[in-house]
Amino acid sequence: MNTVLYEALRARRVTRNMTPEPVDSSHLDLVVQAARYAPNAGNRRLQTIVPVADQRMLQLLRQVSPGMVARPMAAVVICIDTARAVDFGFDPHAPGLFIDVGTAAATMLLAAQAVGLASCPVTSFSRAAVARLLALGPGQDPRLIICLGHAAADQPPAMDASHQPAHA
Ligand SMILES: Cc1cc2nc3c(=O)[nH]c(=O)nc-3n(C[C@H](O)[C@H](O)[C@H](O)COP(=O)(O)O)c2cc1C
């Protein structure tokens, strides 16, 4: 049993209160590189990983992201490369493309844990605004943002799913 790995899985929890401590650029690189180790349907890699370290850009991203409670000091935006997906003959809304966003996200969240960074995935954001801010090409569809930083001592309570309606 790999207890270190299992403990990392157990200990990773979302962080919605981050300190102003900067994120080391080498740590951000390691998180980005980890996407390459995620399982990916057909190994086609139809996702684009966009790192964001510019503080002004992070503030702007937060302004268009109602679900971004944390004030991240870095972020990673996972996009579906719809242009390449269509070249491969896929419907750009094919479920597999979204599953691969999830595997990339889960792997990068664990990589963040491994390098000592706190993290929070966010899907509640304006995709059009994020695409515009990051000057993404028309074939790039931002689908998930991973906020990165260092955990503050006090954290909001974990979400209580029992009060939320089930949805598809
Ligand atoms: C696809 C996905 C989207 C999420 N979107 C948000 C979000 O917009 N804002 C947020 O604060 N947390 C978001 N989360 C984090 C979840 O709320 C969190 O993982 C869940 O409450 C369980 O907490 P834990 O990861 O610490 O166990 C998202 C998680 C996933 C997997």
*asked:* Residue by residue through region 90-105, what is 3J(HN,Hα) from phi via Karplus (6.51 cos²θ - 1.76 cosθ + 1.60, θ = phi - 60°)? Round to whole Hz and write x for glycine and proline.
replied: 8, 5, x, 9, 4, x, x, 5, 7, 4, 5, 4, x, 5, 5, 5
*Take His93, His150, His27 and order them by how many other Cβ atoms sit within 10 Å, fewest up front.*
His93, His150, His27
*Residues with amide H under 5 Å from that of Leu144, placed H, sequence gap 5 or more*: Ile78
*Calculate how steeply helix 25-34 sits against the longest principal axis of the alpha-carbon atoms of the chain, using the helix alpha-carbon long axis, and give the answer as 0 to 90 degrees to the nearest 10.*
50
*Hey, what number do you get for the chain at 222 nm if only DSSP H runs of n ≥ 4 count, each worth -39500 (n - 2.57), divided across all residues, to the nearest 500?*
-10500 deg cm²/dmol
*Go ahead and set up a Gaussian network model of the chain, Cα springs under 10 Å, then flag whichever of Leu97, Leu28, Leu133 fluctuates most.*
Leu133
*Just the number, please: Stokes-Einstein D of region 1-48 in µm²/s, Kirkwood Rh from C-alpha pairs, 4 °C, 1.567 mPa s.*
94
*State log₁₀ I(q)/I(0) for region 12-152 at q = 0.17, 0.20 Å⁻¹ as given by the Debye formula over alpha-carbon point scatterers of equal weight, solvent excluded.*
-0.87, -1.18
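Gain in length, Ala114 to Glu7, computed as 0.36 nm per residue apart minus the alpha-carbon separation, to one decimal in nm?
Values: separation 107, 0.36 × 107 = 38.52 nm, distance 1.07 nm.
So the extension gain works out to 37.5 nm.
Please rank Phe98, Phe90, fewest neighbouring Cβ atoms within 10 Å first, as an exposure proxy.
Working: Phe98 13, Phe90 17.
With the sparsest Cβ surroundings first, the list reads Phe98, Phe90.
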*asked:* Please list 3J(HN,Hα) in residue order for region 111-123, calculated via the Karplus relation 6.51 cos²θ - 1.76 cosθ + 1.60 where θ = phi - 60°; whole Hz, with x for glycine and proline.
replied: 4, 4, 4, 5, 8, x, 9, 7, 8, 8, x, 9, 10
_HN-Hα J in Hz across region 64-80 - Karplus 6.51, -1.76, 1.60, θ = phi - 60°, x for Gly and Pro_ = 9, 10, x, x, 8, 6, 5, 9, x, 9, 7, 7, 10, 9, 9, 10, 8
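Since every read-out is calculated from the coordinates, none of them should be taken as a lab result. Small disclaimer: the values here were computed from a predicted structure and weren't measured. So basically every Cβ, Gly included, is an ideal-geometry build from the backbone, and we count neighbours across all protein chains shown.
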